[in-house]
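Taking it in order: structure first as structure tokens, then the write-up.
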Amino acid sequence: MRKTKKIGLTFLFPGNIIKSNPVERISFFGRMESPMEQKYARITLDKDFQISRIDKRIYGSFIEHLGRAVYGGIYQPGHPSADEEGFRKDVLDLVREIGVPIVRYPGGNFVSNFYWEDSVGPVAERPRRLELAWRSTEPNLVGVNEFASWSKKAGSQVMMAVNLGTRGIEAACNLLEYCNHPAGTKYSDLRISHGVKDPHNIKVWCLGNEMDGPWQTGHKTAQEYGRLADETGKAMKQIDPSLELVVCGSSNTNMPTYPQWEATVLEEAYDSVDFVSLHTYYGNRFHDTANFLAQSDDMDHFIKTIISTCDFVKAKRRAKKDIMLSFDEWNVWFHANEADDDTMKNRPWSVAPHLLEDHYDFEDALLVGLMLITLLKHSDRVRMACLAQLVNVIAPIMTEENGPAWKQTIFYPYLHASKYGRGIALNPALRSSKHDTRDFTDVTDVETVAVWDDQKDQVTIFAVNRDLEEDITLEADLRSFAGYRVLEHIVLENGDMNATNSAESQNVVPKVVSDRDQLQDGLLQSRLGKASWNVIRLGK
């Protein structure tokens, strides 16, 4: 048997030297922890430990012509809340409450058979089309101009996607000219003739959608798509050099071409594009909550892999610019799959069928919070992201066709991150106890990130306690932020992991607690309830 040596550690803490025994730990507060105290979480926050200034577009979302996202979602003429254009004001109020900065449109898989010309001009003259991705009928009552108008009302920018499935360079350039050119050309004058004098000035454009997927209309190999994306991007930037272009990455990490797809596509299109997209969805099909909440670790690995791939191509091409990441589809999605398959297979070609209407529970909200933390931890490269989607379709906002709009459980972590996660992301230097799950090892019991709003002089700590059985005290060294106090501690917790919300009953809502935080001499102790989402706000 190989002999092992016990190693004692020496800690420097508030000017004192303290030696630990081999089996003991020391907290920030000088308290010795016995071997039986297994659960712990400690962070150090410092103004110099910066990840990046956060691009507000990391809190974007997504509206696709799919199910009831558009018809019966954002748009429902005749509804008591509908405005003069038919948009539901109750939905707009909730979107504005979140503060959604950018919305991807019109797809998604829908875009690969989208003929944008059908969606503009007099509504009565617009054709109805078979929509191939979701086997529905598209009436084209809402199109490019209507969605641009809705976005302005919502306080959002548009992230426009172009069809590189059944169409290509010409259609993309024509749509860009229609949207952005002031006047005096065929398509800009066509827009003006449709009653839209001022250009929409859309600056972010997606070059197709999930072109690696065999389910995609017009699916291509990486080299085929890379060449098309490069030529389309070059042409579009001739029209408007200020555009930011997003090239399609892998649809998920289980694709057989991942991550070679990204490498091949970027070798073709590196000079023409600015972002590569990432998509992922998670579910709890095996009813294993601990494993489910560990899936944000997979998201973290996904991001790191794509960053490495982008930087490999950068080095290979001896390029100077970095490719940024647009995580423009992410969420929990699994609840309604069987019903969706039945609808599309056995009852196709209806208008706005009920599709992908996942009803989210409490544990889904925890994972959405964990995914938001993951995005913030990589905000130096993840500059845009879109929670997919926004209304009715795997969404934080649901509507009753003849009733109200209401908040799903996942609405709240999304709201909190968007509202309080503006500023500079800080590296918290987390040290946490860990556990293993069926698919993951060394899963931290607590996952956290912090954001310093240097304009308001406030710090917000976002934290999820992934332990399902025990409360954990988070210890934070905040001495870099002299004079701060706890402003608010918001929690989302529930004894029932499967608790859901509805129009009639909001069972999962945040609450403010006042008995879980102690801050003294710049050292914070905050109790994180078992299986909880926490927003700890500090300032002067």
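The values are calculated or read from the model by the stated rules, or taken from the named source; none is laboratory data. Every value quoted in this text rests on a predicted model; they were computed, and no experiment measured them. Note that each Cβ is placed from the backbone with ideal geometry, even for glycine, and that neighbours are counted across all protein chains shown. Note: areas computed on protein heavy atoms with side chains; ligands, DNA, RNA excluded. Shrake-Rupley method; radii C 1.70, N 1.55, O 1.52, S 1.80 Å.
How large is Rg/Rh for the range 172-265, to two decimals, with Cα atoms and a Kirkwood Rh?
Rg/Rh for the range 172-265 comes to 1.08.
At most 16 other Cβ atoms within 10 Å and a DSSP loop assignment: could you name the trypsin sites (Lys or Arg not before Pro) in the range 149-254 that fit?
Numbers: sites: K152, K153, R167, K186, R191, K197, K203, K220, R227, K234, K237; in loops: R167, K197, K203, K220.
Hits after loop and neighbour filter: K197, K203.
With N set to the residue count of the range 105-180, report its C-alpha Rg divided by 2.2 N^0.38 Å to two decimal places.
Details: Rg = 12.2 Å, N = 76, 2.2 N^0.38 = 11.4 Å.
Its radius of gyration relative to the 2.2 N^0.38 Å reference: 1.07.
Just grab the label-to-label distance for V123 and R285, each label 7 Å out from Cα along the Cβ direction, in nm (one decimal).
In this crude label model, V123 to R285 measures out at 4.0 nm.
Between the alpha-carbon centers of the range 361-388 and the range 61-75, tell me the distance in whole angstrom.
Between the Cα centre of the range 361-388 and that of the range 61-75, the gap is 22 Å.
Between D515 and E469, what is the label-to-label distance in nm when each label sits 7 Å out along the Cα-to-Cβ direction?
2.5
Please arrange M384, M344 by accessible surface area, largest first, computed with a 1.4 Å probe and ligands excluded.
M344, M384
How much of the accessible area of the chain, probe 1.4 Å, is carbon plus sulfur, in whole percent? Before the final figure, lay out the partial values.
Working: 10790 of 22080 Å².
Its accessible area is 49 percent carbon and sulfur atoms.
Testing the spin-label approximation: label points 7 Å from Cα along Cα→Cβ at K152 and N507. State their distance in nm.
Label-label distance for K152 and N507, simple model: 4.3 nm.
Longer than 18 Å from Cα to Cα, which of K419/K511; K56/K314; K56/K456 are they? Say none if no pair is.
Numbers: K419/K511 16 Å; K56/K314 26 Å; K56/K456 16 Å.
Flagged as over cut-off: K56/K314.
Please compute the per residue accessible area over the chain with all protein chains in place, 1.4 Å probe, rounded to a whole number of Å².
Details: 22080 Å² over 540 residues.
Heavy-atom SASA per residue in the chain reads 41 Å².
Nearest 0.05, what FRET efficiency do R347 and D298 give at R0 = 45 Å with Cβ-Cβ as r? Before the final figure, lay out the partial values.
Values: r = 34 Å, r/R0 = 0.76.
The computed FRET efficiency comes out at 0.85.
How big is the dipole moment of the range 248-304 about its Cα centre under a simple scheme where the beta carbon of each Lys and Arg is +1, that of each Asp and Glu is -1, and everything else is neutral? Debye, nearest 20, please.
Numbers: 2 positive and 9 negative charges, 60 e Å.
With only Lys, Arg, Asp and Glu charged at Cβ, the dipole is about 280 debye.
Can you give me the relative contact order of the chain as a percent, contacts being Cα pairs under 8 Å and 6 or more apart? Intermediate values should be presented prior to the final figure.
Working: 1193 pairs, mean separation 98.5, N = 540.
Relative contact order here is 18 percent.
Out of the chymotrypsin sites (Phe, Trp or Tyr not before Pro) in the range 362-452, which ones are loop residues according to DSSP with at most 13 other C-beta atoms within 10 Å?
In loop regions of the range 362-452 (DSSP not H, G, I, E or B), there are no sparsely surrounded chymotrypsin sites (Phe, Trp or Tyr not before Pro).
Rg and Dmax in Å for the range 207-362, alpha carbons only: what are they?
17.8, 53
Let me know the Rg and Dmax you get for the chain when you use only its Cα atoms, in Å.
When restricted to the Cα atoms of the chain, Rg and Dmax are 24.5, 86 Å.
Taking just the C-alpha trace of the range 63-198, give me its Rg and Dmax in Å.
Here Rg and the maximum Cα pair distance are 14.7, 42 Å.
Can you pull out the trypsin sites (Lys or Arg not before Pro) in the range 409-487 whose DSSP state is coil and whose Cβ has at most 11 other Cβ atoms within 10 Å? Numbers along the way, then the final one.
Values: sites: K419, R422, R431, K434, R438, K456, R466, R479, R485; in loops: R422, R438, K456, R466, R479.
The qualifying sites are R438.
If you take the square roots of the eigenvalues of the alpha-carbon gyration tensor of the range 310-352 and sort them as a ≥ b ≥ c, do you get rounded (a/c under 1.5), prolate (a/b over b/c) or oblate?
Numbers: a/c = 4.38, a/b = 3.44, b/c = 1.27.
It is prolate, given that a/c is not under 1.5 and a/b is the larger ratio.
Mind checking the log10 I(q)/I(0) for the range 339-423 at q = 0.19, 0.23 Å⁻¹? Debye, one equal scatterer per Cα, no solvent, two decimals.
With one equal scatterer per Cα and no solvent, log10 I(q)/I(0) is -0.91, -1.13.
Which net charge results when you count Lys and Arg as +1 and Asp and Glu as -1 among the other residues whose beta-carbon is under 12 Å from that of N465? If you can, show how the numbers build up before the last one.
Working: positive: K39, R466, R516, R527, K530; negative: D445, E447, D467, E469, E470, D471, E493.
It works out to a net charge of -2.
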